[in-house]
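Heads up, the thing below is written out as structure tokens.
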Amino acid sequence: MHYNLFILGYGSCKFLDAWFDSTKFPNTTIRIVDNGQQQYTEQLKPFVYYTTSRNLGCAGGWNLICQIAFDQMGLEKVIISNEDNLYSEEYLDALTNQCTPTNIAGTYDRAFEFSLFCIHRDTYKKVGMFDENVIMAAGEDNDYKYRCKLHGVTVSSLHISADYNASETGGDSIPTIRDENINYVINKWNNYTSTVAHGDFAYTNNPELYISDRLKSRYNCEQFPSIIEFNSL
């Protein structure tokens with residue numbers, strides 16, 4: 001079996017470089033989407049597929065990868081990893097096998113499934129884009145898990161210890177916005193009791209049509225930043 005792995009970079013390329021050995025992934029096409037304009041080592045440079053013009057955050061980075069994988073490359077499934085994970089090709093095999101149109105396959109326990117996960121094209125089209133109104137990181141996975149539940153999509157886990165995720169992505173800005181992000185998601189779904197996004201958080205027809213004031217202020221945008229970035233490829 002062949003695996004398509006996209007690694008989303010923020011600021012932890014040194015962590016990736018310290019353990020990465022491409023010979024251990026003979027059946028995997030590896031592409032790095034650099035979301036932090038980092039300086040990669042000679043070992044990793046050949047795998048850098050694209051560097052974003054600005055940091056799109058976690059949800060934006062995932063959306064950009066999905067747009068590249070599904071809309072540009074026509075892939076059926078894609079495995080997405082943060083760059084601060086430890087894993088083997090055996091993990092990728094298990095993720096690919098567990099991923100279906102109605103199941104997102106995650107890796108780690110303690111609610112870290114989305115640090116390394118496999119998503120099907122049909123799932124992404126059904127559930128929609130990750131919500132980029134969650135700035136940088138913290139809360140985007142909770143939002144998507146809840147939306148999956150509303151759409152009859154499960155999120156499984158290989159139950160690998162989350163100790164294999166170093167939690168280094170996002171940098172120093174994460175603590176300052178974590179509470180804002182969590183409150184945004186809670187309010188959006190009325191503390192996870194509503195079946196539709198409500199109030200100021202309500203979508204019109206598609207998730208990407210709602211742009212919060214926070215997102216507009218940060219990116220000076222009228223679309224999700226990942227859409228703008230993808231259209232400039």
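The values are calculated or read from the model by the stated rules, or taken from the named source; none is laboratory data. Predicted model, so just to flag it, every value in this text is computed and none were measured. Please note: Cβ atoms are built from the backbone with ideal geometry, for glycine as well, and neighbour counts cover all protein chains shown.
Restricting to the stretch 70-86, what's the tally of residues that are buried (at least 23 other Cβ atoms within 10 Å of the Cβ), of a type outside the set (S, T, N, Q) and under 14 Å from F130 (Cβ atoms)?
1
Can you find, within the stretch 1-56, the residue that is nearest to Q98 (Cα to Cα) among those that are without any contact (Cβ under 8 Å) to a residue 24 or more places away in the chain and of a type in the set (S, T, N, Q)?
T23
I'd like to verify a number: residues in the stretch 83-117 that are in a loop (DSSP other than H, G, I, E, B), more than 15 Å from W19 (Cβ to Cβ) and either in contact with a Cys (Cβ under 6 Å, 6 or more places away or on another chain) or among the hydroxyl-bearing types (S, T, Y) (or both), how many?
2
Yes/no matrix, rows are residues, columns are (1) assigned to a helix (DSSP H, G or I); (2) at pLDDT 95 or above; (3) small (G, A, S); (4) on the phi < 0 side of the Ramachandran plot:
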{"position": "L16", "(1), (2), (3), (4)": "yes, yes, no, yes"}
{"position": "R31", "(1), (2), (3), (4)": "no, yes, no, yes"}
{"position": "R54", "(1), (2), (3), (4)": "no, yes, no, yes"}
{"position": "L64", "(1), (2), (3), (4)": "yes, yes, no, yes"}
{"position": "D71", "(1), (2), (3), (4)": "yes, yes, no, yes"}
{"position": "S81", "(1), (2), (3), (4)": "no, yes, yes, yes"}
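Please give the number of the condition M1 fails out of (1) more than 16 Å from the chain's Cα centre (by Cα); (2) modelled with pLDDT of 95 or more.
(2)
Got a sec? Which of N55, N35, N63 is of a type outside the set (S, T, Y) and farther than 27 Å from D93 by Cβ?
N55
Tell me the residue from V185, V155 that is at pLDDT below 95 and not small (G, A, S), please.
Criteria check complete, one pass: V185.
For the structure I just gave you, tell me whether Y40 is modelled with pLDDT of 95 or more and either surrounded by 15 or more Cβ atoms within 10 Å (Cβ to Cβ) or acidic (D, E) (or both).
yes
Pairs needed: first member in the stretch 177-197, closer than 20 Å to D213 by Cβ; second member anywhere, crowded, with 20+ Cβ neighbours inside 10 Å and of a type in the set (D, E); C-beta distance under 6 Å; at least 6 residues apart or different chains.
Listed by first residue and then by second, the contacts come to V185/D143.
Mind checking which pairs have a first residue in the stretch 121-140 that is within 21 Å of I79 (Cβ to Cβ) and basic (K, R) and a second that is modelled with pLDDT of 95 or more and not in a loop (DSSP other than H, G, I, E, B), Cβ under 6 Å, 6 or more apart or different chains?
R121/F70
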